[in-house]
Amino acid sequence: MDRLTSWERRTSTALLTIGTAFLLSWAIPIVLPGLPPVVDQGFWYLQVCTYLLFTADYLIRVYLAPRRTRFVLRNIPSLLVVLLPLLRPLWLLRALLLLQIVAERIQLPLRLRAVVYVSGTAVFLALVGSIAVLGAERDNPASNIQTIGDALWWSLTTMTTVGYGDRFPVTAEGRLVASGLMLAGIALLGVVTAAIASWFVERFERNAARERRTEADVAQILSEINELRGAVDELAGLRTVLAGIGDDQARLHDRLDALTTRLAR
């Protein structure tokens, strides 16, 4: 086991806790805007602490990676979160790290794990996207997304690509969040469609394989029946031959008896 894998295993629970703290400190002030200023300030400091911890974890993983360039290229979202901390929509990428950690800790069969991961991602993105767009839109007088209910409705219609148009973002930040949700919705729809198609193809292939095995078994049974018929015919021929031999023996015994009688006279 290399050092990077060992570090990731040891810190998975800690990152789960840090990610949960980040989500709560980010979401609560948006969903409950009437909190006292000292509470808002405390949540802000908690977000800063979680950012610093995520940054430290990322730098340590880069240091421990055997191929650092390859590691950086494979972890672009983490790099963006570290480099652009003030662009709030990109904080959603940090939230997605929490979902990735949870998915890695789920011990399920591969297909069921994929279903749970896709479903969890869809629900997670809908909730986080609604909170993000509410935080971006609520302070704008021209916005029509003012409550968490409006934001959830907009998030669901956006991710499912329905787009009723009764709720829509008017700020640049809100539209950036909407763009991400639309792309995520299309991607998740494609994943679900591919998974369903793969399931049907697998079922068809399994049924076809079962039919091929049945045909092979029937052919083998017919072959064995033909062999048995041949054996029965051969036994019948042997029985006829033995019967003929028995008749010859009986006639020979009769002649011997007659000859013995004549000699005795």
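The values are calculated or read from the model by the stated rules, or taken from the named source; none is laboratory data. Every value quoted in this text rests on a predicted model; they were computed, and no experiment measured them. Cβ placement follows ideal geometry from the backbone for every residue including glycine, while neighbour counts extend to all protein chains displayed. Calculation scope for accessible area: heavy atoms of the full protein, side chains included, ligands and nucleic acids excluded. Shrake-Rupley method; radii C 1.70, N 1.55, O 1.52, S 1.80 Å.
Within region 217-245, if we keep just the residues that are of a type in the set (Val, Ile, Thr) and modelled with pLDDT under 80, the residue that is farthest from the chain's Cα centre (by Cα) turns out to be 245.
Selection within region 140-180: residues that are assigned to a helix (DSSP H, G or I) and among the polar types (S, T, N, Q). The member of this set that is nearest to residue 128 (Cα to Cα) is 155. Condition first: of a type in the set (Gly, Ala, Ser), more than 21 Å from residue 34 (Cα to Cα) and out of contact with any helix residue (DSSP H, G or I) (no Cβ under 7 Å at 6 or more places or on another chain). Can you find one or more residues in region 158-165 that meet it? The answer is yes; a qualifying residue exists. When residues in region 95-148 are screened for being at pLDDT 75 or above and β-branched (Val, Ile, Thr), 8 of them pass.
A single entry from 64, 46, 87, 80 fulfils the requirement of being at pLDDT below 85, of a type outside the set (Lys, Arg) and in contact with a helix residue (DSSP H, G or I) (Cβ under 8 Å, 6 or more places away or on another chain): 80. Here 160, 193, 214, 171 are screened, and the one residue that is more than 29 Å from the chain's Cα centre (by Cα) and modelled with pLDDT under 85 is 214. Tallying residues that are in contact with a Lys or Arg (Cβ under 8 Å, 6 or more places away or on another chain) and either small (Gly, Ala, Ser) or open to solvent by 60 Å² or more (accessible area, probe 1.4 Å) (or both) within region 8-25 yields 3.
Going by the structure shown, is residue 4 over 30 Å from residue 148 (Cα atoms), under 29 Å from the mean Cα position of the chain (by Cα) and open to solvent by 50 Å² or more (accessible area, probe 1.4 Å)? Criteria not met by residue 4.
Results for (1) in contact (Cβ under 8 Å) with a residue 24 or more places away in the chain; (2) among the hydroxyl-bearing types (Ser, Thr, Tyr), shown as yes or no for each residue.
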| site | (1), (2) |
| --- | --- |
| 128 | yes, no |
| 144 | yes, no |
| 148 | yes, no |
| 157 | no, yes |
| 169 | yes, no |
| 197 | no, no |
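Conditions tested, residue by residue: (1) in a helix (DSSP H, G or I); (2) open to solvent by 90 Å² or more (accessible area, probe 1.4 Å); (3) farther than 21 Å from residue 9 by Cβ; (4) not basic (Lys, Arg).
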residue	(1), (2), (3), (4)
41	yes, no, yes, yes
44	yes, yes, yes, yes
47	yes, no, yes, yes
50	yes, no, no, yes
54	yes, no, no, yes
57	yes, no, no, yes
61	yes, no, no, no
66	no, yes, no, yes
71	yes, no, no, yes
